[in-house]
């Protein structure tokens, strides 16, 4: 991959959700970037409807977040297992994390037993390591004696990274659109959307349609020059009504805007492979650019993340770099509780 994932930014994460400071979910900022020229503006998220035109189609992800961090004992030590994919009811891809929640690159032998327990330490389920999912990863494929995705609702906690100031309940990681449980991490571009936002969009004549993509974990780093990143499959489904709306918009020359990178991956898998449901590891990059999606609403993505490859498919690297550096100067906040970008 010839495109650098080092933007040279010093990303300042949002350490807490805005409502913990007495604000609304929609009290975040919005970086508006012109896809063709790279020109950008700084706005408040509540003005996002003003960036749309009558006839635009906005595609949202209706996947709901589950408490996907499971307490477990691995090789006699306490760990967290982050659910990354449910391949079958008894076969999972998990990410190994330390007891403190940090990255754990330990190599596990085939057959190692992982014991998931409840918050009191009482064992609830067992799994055996089948294989290392990818040689440059913390992912492991595990055969389990029960469905850990179902178990998560009783023993899990939301996945939380080091920059978040304290644990928050699963409701903090729910979005207005989420109704089908299955995402390991919140489709976070949806988080600031409120009923008022939707009303303003409808008043502008924007058509809203939905699809489902259950997210995997997004915490893996991608260094420059890496060409074979760990790609965990994600399950998606695009309803017939959404397919029809997207195709009608494309035929009429109307924009299709994706709410989140998850939506881009689902739509572009459909465009690339001709299937509207199943598993995807499709990468959107400048070499495999979007065919259906003409615009994108997303959060701010840090250095060394594969999300930047997707953003480069929408925006020239020098334009993204300039916009991000200005956002940094203006005090924008990164990650799931932070500010948003719209590229169109």
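Structural remarks
- Checking residue 55 against (1) buried (at least 21 other Cβ atoms within 10 Å of the Cβ); (2) modelled with pLDDT of 95 or more, the condition it does not meet: (1)
- Boolean, residue 36 is in the same structural domain as residue 337 (by TED's automatic domain parsing) and touching a helix residue (DSSP H, G or I) at 6+ places or on another chain (Cβ under 8 Å): no
- Of the criteria (1) under 20 Å from the mean Cα position of the chain (by Cα); (2) over 29 Å from residue 269 (Cα atoms), which one residue 145 fails: (1)
- Segment 18-41, subset over 21 Å from the mean Cα position of the chain (by Cα) and in a strand (DSSP E or B), residue surrounded by the fewest Cβ atoms within 10 Å (Cβ to Cβ): 41
One line per residue, one yes/no per condition, for (1) touching a helix residue (DSSP H, G or I) at 6+ places or on another chain (Cβ under 7 Å); (2) assigned to a loop (DSSP other than H, G, I, E, B); (3) in contact (Cβ under 8 Å) with a residue 40 or more places away in the chain; (4) surrounded by fewer than 22 Cβ atoms within 10 Å (Cβ to Cβ):
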{"position": "141", "(1), (2), (3), (4)": "no, no, yes, yes"}
{"position": "153", "(1), (2), (3), (4)": "no, no, yes, yes"}
{"position": "172", "(1), (2), (3), (4)": "no, no, yes, yes"}
{"position": "181", "(1), (2), (3), (4)": "no, no, yes, yes"}
{"position": "197", "(1), (2), (3), (4)": "yes, no, yes, yes"}
{"position": "202", "(1), (2), (3), (4)": "no, no, no, yes"}
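- Count - residues of segment 246-290 that are touching a strand residue (DSSP E or B) at 6+ places or on another chain (Cβ under 8 Å) and on the phi > 0 side of the Ramachandran plot: 2
- Within the span defined as segment 314-336, one or more residues are part of a loop (DSSP other than H, G, I, E, B), in contact with a helix residue (DSSP H, G or I) (Cβ under 9 Å, 6 or more places away or on another chain), in contact (Cβ under 8 Å) with a residue 60 or more places away in the chain and at positive phi.
- Taken as a whole, the condition of being over 22 Å from residue 41 (Cα atoms), free of Cβ contacts under 8 Å to residues at least 12 places away in the same chain, in a helix (DSSP H, G or I) and over 19 Å from the mean Cα position of the chain (by Cα) does not apply to residue 271.
The values are calculated or read from the model by the stated rules, or taken from the named source; none is laboratory data. These numbers were taken from a predicted model, which means no experiment stands behind them. In this analysis, Cβ positions are derived from the backbone assuming ideal geometry, glycine residues included, and neighbour counts consider all displayed protein chains.
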